[in-house]
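Report on the structure given below.
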Amino acid sequence: MDLNDTARLRQPRDAVECRLGTVTDITYAPHSAYIRRLRLRFPTGDERTYTTDEITPATRDDDRAALETAFIDACAVLRHACRIAHDYDEALSTDIIGLLLALYEAARTRIGLTLDPARLPEYGDHPHADAPPQGQP
């Protein structure tokens, strides 16, 4: 990794660490090209230091892929909940449909993702948002 590259923590411990960070400092092992630590600056302004094992290179494209997966996950879960709620409480089912419509609209207007309710995977039948995007270790 180089200065100004972007990275994400493999196991974030808080909300700040879930964000994409920018490499602002690199500490090398003495007499070596081995990187011991990297300092990341997060969009919140926080700067934190990590070992190379704690982070993985990531880009905004990876963020988009994670967002798409998260939207698909959320819609699949809400659709499943709506099916259950339909027999349990019709008003609850109606509220869940409202949430689904809001998610569809947010996905379409904010990231240009058009979700087709008929083509969403069934709940539990697809990779989840916490899985690394394709091409990442």
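Since every read-out is calculated from the coordinates, none of them should be taken as a lab result. Worth saying up front: this structure is predicted, and the values here are computed from it rather than measured. Glycine also receives a Cβ, built like all others from the backbone with ideal geometry; neighbour counts cover every protein chain displayed.
Results, tabulated for the structure shown:
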{"item": "Search result, residues across region 107-119 that are assigned to a loop (DSSP other than H, G, I, E, B) and over 17 Å from the mean Cα position of the chain (by Cα)", "result": "114, 115, 116"}
{"item": "Some residue of region 29-39 being within 24 Å of residue 102 (Cα to Cα) and either free of Cβ contacts under 8 Å to residues at least 60 places away in the same chain or touching a Pro at 6+ places or on another chain (Cβ under 8 Å) (or both)", "result": "no"}
{"item": "Any hit, region 13-21, residues being among the acidic types (Asp, Glu) and either exposed (fewer than 13 other Cβ atoms within 10 Å of the Cβ) or out of contact with any helix residue (DSSP H, G or I) (no Cβ under 7 Å at 6 or more places or on another chain) (or both)", "result": "yes"}
{"item": "Residue check, residue 32 among the small types (Gly, Ala, Ser) and surrounded by 15 or more Cβ atoms within 10 Å (Cβ to Cβ)", "result": "no"}
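Okay, residues lined up against (1) loosely packed, with under 13 Cβ neighbours inside 10 Å; (2) out of contact with any strand residue (DSSP E or B) (no Cβ under 8 Å at 6 or more places or on another chain); (3) outside any helix (DSSP H, G or I):
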{"position": "49", "(1), (2), (3)": "no, no, yes"}
{"position": "61", "(1), (2), (3)": "yes, yes, no"}
{"position": "74", "(1), (2), (3)": "no, yes, no"}
{"position": "79", "(1), (2), (3)": "no, yes, no"}
{"position": "94", "(1), (2), (3)": "yes, yes, no"}
{"position": "98", "(1), (2), (3)": "yes, yes, no"}
{"position": "105", "(1), (2), (3)": "yes, yes, no"}
